[in-house]
1. When only residues in region 106-140 that are farther than 23 Å from residue 77 by Cβ and exposed (fewer than 14 other Cβ atoms within 10 Å of the Cβ) count, which is modelled with the highest pLDDT?
2. Being more than 14 Å from residue 30 (Cα to Cα), in contact (Cβ under 8 Å) with a residue 12 or more places away in the chain and touching a helix residue (DSSP H, G or I) at 6+ places or on another chain (Cβ under 9 Å) is the filter here; which residues of region 155-167 pass it?
3. Of all residues in region 69-80, which are more than 16 Å from the chain's Cα centre (by Cα) and not in a loop (DSSP other than H, G, I, E, B)?
4. Check off (1) crowded, with 16+ Cβ neighbours inside 10 Å; (2) out of contact with any helix residue (DSSP H, G or I) (no Cβ under 6 Å at 6 or more places or on another chain) for residue 103 and give me the number that stays unchecked.
5. Restrict the check to region 81-97 and report whether at least one residue is part of a strand (DSSP E or B) and under 26 Å from residue 144 (Cβ atoms).
6. Just to verify a result, which residue in region 38-58, among those that are over 20 Å from residue 134 (Cα atoms) and touching a helix residue (DSSP H, G or I) at 6+ places or on another chain (Cβ under 6 Å), is surrounded by the most Cβ atoms within 10 Å (Cβ to Cβ)?
7. With 113, 138, 123 as the choices, which residue is within 24 Å of residue 69 (Cα to Cα), free of Cβ contacts under 8 Å to residues at least 40 places away in the same chain and within 17 Å of the chain's Cα centre (by Cα)?
């Protein structure tokens with residue numbers, strides 16, 4: 001449970017779009033504490049290269065918690081090279097059962113260019129419908145926009161960038177300063 005008496009770090013928007021053999025993960029750069037913007041240029045989308053195979057991850061939630069999870073994910077990927085889903089399931093199991101990890105507040109979007117997954121602290125490893133995943137405070141706005149944009153001829157990056165622009169216009173915890181990583185195709 002969250003302690004609502006302290007405002008905490010809040011909000012972000014991360015989206016993953018799979019289209020045309022390519023996956024794009026985009027995230028905004030805003031970090032907020034309560035109603036104050038602390039930083040506008042954070043990098044919440046990162047490329048990992050465990051065992052020489054690239055994986056792109058985006059995170060929402062506590063930055064320190066997300067970095068802890070990214071380190072754990074990288075170790076799982078090194079132990080199971082080329083098996084993204086298996087590494088994510090192993091991470092989710094640890095996250096759900098380890099007393100230290102249970103306290104971590106973050107969500108991840110992870111892709112190897114073929115598979116697109118959302119990993120949560122509830123033990124979920126989900127492959128999203130419609131080849132779009134979105135997390136964070138503006139995630140539902142970005143998801144709705146991207147689903148509509150998938151009806152157009154836009155490529156994965158254009159869908160992600162446009163959906164993020166729409167989300168940043170609606171969600172006060174999301175800005176237009178994007179980090180975009182693509183993989184595959």
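1. 130
2. 156, 159, 160, 162, 163, 166
3. Step one: of region 69-80, the residues more than 16 Å from the chain's Cα centre (by Cα) are 75-80.
Within region 69-80, 75, 76, 77, 78, 79 qualify.
4. (1)
5. Restricting attention to region 81-97, the residues satisfying the condition of being part of a strand (DSSP E or B) are none.
No; the residues of region 81-97 include none that is part of a strand (DSSP E or B) and under 26 Å from residue 144 (Cβ atoms).
6. So, considering only residues that are over 20 Å from residue 134 (Cα atoms) and touching a helix residue (DSSP H, G or I) at 6+ places or on another chain (Cβ under 6 Å), the one surrounded by the most Cβ atoms within 10 Å (Cβ to Cβ) is 50.
7. On the way: 113 fails: free of Cβ contacts under 8 Å to residues at least 40 places away in the same chain; 138 fails: free of Cβ contacts under 8 Å to residues at least 40 places away in the same chain.
Criteria check complete, one pass: 123.
Okay, residues lined up against (1) touching a helix residue (DSSP H, G or I) at 6+ places or on another chain (Cβ under 6 Å); (2) outside any helix (DSSP H, G or I); (3) in contact (Cβ under 8 Å) with a residue 24 or more places away in the chain; (4) surrounded by fewer than 18 Cβ atoms within 10 Å (Cβ to Cβ):
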residue: 142; (1), (2), (3), (4): yes, no, yes, no
residue: 145; (1), (2), (3), (4): yes, no, no, no
residue: 153; (1), (2), (3), (4): no, yes, no, yes
residue: 169; (1), (2), (3), (4): no, no, no, yes
residue: 173; (1), (2), (3), (4): no, yes, yes, no
residue: 177; (1), (2), (3), (4): no, yes, yes, yes
residue: 180; (1), (2), (3), (4): no, yes, yes, yes
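The values are calculated or read from the model by the stated rules, or taken from the named source; none is laboratory data. Everything numeric here is computed off the predicted structure, so don't read it as measured data. Methodologically, a virtual Cβ is constructed for each residue, glycine included, from the backbone with ideal geometry; neighbour enumeration extends over all protein chains shown.
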